[in-house]
Amino acid sequence: MMEKNKVDSIFNNTIDVYKKYIIKEKGDVGYGYEHRIRQIEQIKNIFYGFDFDTINLVETGVSGNIDYGLSGLLLGGIVEQTNGKMYSVDLDYESCRNSRNIFGELYTKLDYRAVCLDSLVFLKNLSFIPNVVHLDSYDFDLMNPFPSALHTWKEFQIVEKIMPVGSIVIIDDNWIKNTNLQWVLPDRKITRIIDYPIIGKGSNIYNEVVNGNTDWELVGDHYKSHDNIKIVIKKVKQ
């Protein structure tokens, strides 16, 4: 079980590596940095007392484009410091190649692989059992949010069956009710007030969990934020 001091040290080291890399590549931390750090700090609190000493993580959607923030790098540093392994999957070959190069540069001791494949196929054929999964593969579209949510639900249905009790699943890109969401299109910017309880990649998962239809429970205290949030759930029974 991870103690608070150990978790704090791991996360602080990872944030430092991440910040230095972003500044080296971009010249400064840039737009969105504070948001990503705020997200990882929220996740840090959830790992206090994590049931496993080693984190073995699977991520759908690689960190292969620095303009998107590379938030997966923060997870990679955490995994490396627990002597775990991290496998990512993405359909974009260039992103997979870039991700391998970036992780290889920053985390020389990490067992990391970026696989170019459909995530549903990849998850059905995992070579190890993860205790942390980060779902971030299918781009969310405010104008048509359902395909992304459905794809993420299918990913969850595959992987949640094999994960042990105490495992964590993190789902990116979600907005709660009454969030004033601005969406930038090539020809215009749209502002929409979210009127669903939650919308995003994890909306199906969120609703099934809070309604008691799964072996998982919602964890964390960051769900009142009117910002892009990560849903985090923990497996509580087999």
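Please treat every number below as a calculation from the coordinates, not as lab data. All values derive from a computational prediction rather than experimental measurement. We place every Cβ from the backbone using ideal geometry, glycine too, and count neighbours over all the protein chains shown.
Can you confirm whether Ile55 is under 24 Å from Tyr223 (Cβ atoms) and part of a loop (DSSP other than H, G, I, E, B)? Answer is yes for this residue.
From the list Asn144, Asn101, Asn83, Asn125, the lone residue that is surrounded by fewer than 17 Cβ atoms within 10 Å (Cβ to Cβ) and on the phi > 0 side of the Ramachandran plot is Asn83. Test Asp195 against the stated conditions and say whether it is under 17 Å from the mean Cα position of the chain (by Cα) and either farther than 18 Å from Ile46 by Cα or charged (D, E, K, R) (or both). So Asp195 does not fit the description; no.
Pairs meeting the criteria (first residue in segment 182-196 and of a type in the set (D, E, K, R), second residue part of a strand (DSSP E or B), beta carbons under 9 Å, at least 6 apart or on different chains) are Lys189/Gln182; Lys189/Trp183; Arg192/Asn180; Arg192/Leu181; Arg192/Gln182; Arg192/Trp183.
In the set Ile10, Ile22, Ile55, only one residue is aliphatic (A, V, I, L, M), closer than 23 Å to Asp227 by Cβ and touching a residue at least 12 places away in the same chain (Cβ under 8 Å); that residue is Ile22. Can you say whether Thr108 is surrounded by fewer than 14 Cβ atoms within 10 Å (Cβ to Cβ) and either farther than 21 Å from Ile194 by Cα or of a type outside the set (D, E, K, R) (or both), as far as the supplied structure shows? In short, yes.
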